[in-house]
1. Can you tell me which condition E115 does not meet? The list is (1) open to solvent by 70 Å² or more (accessible area, probe 1.4 Å); (2) under 19 Å from the mean Cα position of the chain (by Cα); (3) closer than 15 Å to R139 by Cβ, and all the others hold.
2. How do the pairs read when you match residues in region 79-97 that are over 12 Å from C65 (Cα atoms) with residues anywhere that are open to solvent by 50 Å² or more (accessible area, probe 1.4 Å) and assigned to a strand (DSSP E or B), using Cβ under 9 Å and keeping only pairs 6 or more apart or on different chains?
3. Scan Q35, Q16 and give me the residue that is at pLDDT below 95 and within 16 Å of ligand 1 (Cβ to nearest atom).
4. So V140 passes all but one of these: (1) surrounded by fewer than 19 Cβ atoms within 10 Å (Cβ to Cβ); (2) within 14 Å of ligand 2 (Cβ to nearest atom); (3) over 15 Å from the mean Cα position of the chain (by Cα). Which condition number does it fail?
5. For region 93-135, enumerate the residues that are touching a helix residue (DSSP H, G or I) at 6+ places or on another chain (Cβ under 7 Å) and of a type outside the set (A, V, I, L, M, F, W, C).
Amino acid sequence: MRAFSTPPRGRRVPWQELLLAVSLLAFWNPPTTAQVTTESVPPNVVKGNDVLLRVHNLPGNILACGWFRGTTIEPSNQIISYAAHSQEIIPGATHTGRETLYYNGSLLFQNTSLEDTGDYTLQYVKINAQIERVTGQLRVFEEVGGGRVAGASLIVEGRL
Ligand SMILES: *[C@@H]1O[C@H](CO)[C@@H](O)[C@H](O)[C@H]1NC(C)=O
Ligand SMILES: *[C@@H]1O[C@H](CO)[C@@H](O)[C@H](O)[C@H]1NC(C)=O
């Protein structure tokens, strides 16, 4: 009786091996394919409010990183940088006192001004000394009378 109700042990093994192989693939794939991206949260911000340039999938063990205004990497464009060996966050030439760098790479802008609109580039140095970049955009809008704002539907959707 027992032999009919319980499948022979030998038949189960291939399935268990397959499941193990699948779970190993699922475990190993994401770290090698996850792309570093950046996103403005919210996507559009009213002048005077805060906005976060959020960084997704930044490797956890980077050696250093820095944010720059625009898309060119020059000391004169540097907002802020971080060096892992000293755990130090250092303001750069274009830091206005309103930008805060988090250890996950995200950059917070407080009390935004219209001039904050534009491209921002994060450069980071990986543990293997490889240097990579990702660029994001901020869009700051003027508040129009009566609380109505240009592009209001987008702004409402993006609110935190
Ligand atoms: C990074 O940290 C900031 C501040 O704690 C947080 O608001 C943001 O969501 C974090 N970013 C990610 C991608 O987790
Ligand atoms: C926000 O920035 C404006 C100039 O753009 C300044 O006049 C104002 O005092 C700032 N507000 C705060 C709360 O820092």
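1. The failed condition is (2).
2. Pairs that qualify, where the first residue is over 12 Å from C65 (Cα atoms) and the partner is open to solvent by 50 Å² or more (accessible area, probe 1.4 Å) and assigned to a strand (DSSP E or B), are T94/R69; G97/P91.
3. Selected residue: Q35, the only one of Q35, Q16 that is at pLDDT below 95 and within 16 Å of ligand 1 (Cβ to nearest atom).
4. With respect to (1) surrounded by fewer than 19 Cβ atoms within 10 Å (Cβ to Cβ); (2) within 14 Å of ligand 2 (Cβ to nearest atom); (3) over 15 Å from the mean Cα position of the chain (by Cα), V140 is out only on (1).
5. Going through region 93-135, the residues touching a helix residue (DSSP H, G or I) at 6+ places or on another chain (Cβ under 7 Å) turn out to be 93-94, 109.
Passing the criteria: only T94.
The values are calculated or read from the model by the stated rules, or taken from the named source; none is laboratory data. Predicted model, so just to flag it, every value in this text is computed and none were measured. Backbone-built Cβ (ideal geometry, glycine too); neighbour counts: all protein chains shown. Accessible surface areas use protein heavy atoms only, side chains included; no ligands, DNA or RNA. Shrake-Rupley method; radii C 1.70, N 1.55, O 1.52, S 1.80 Å.
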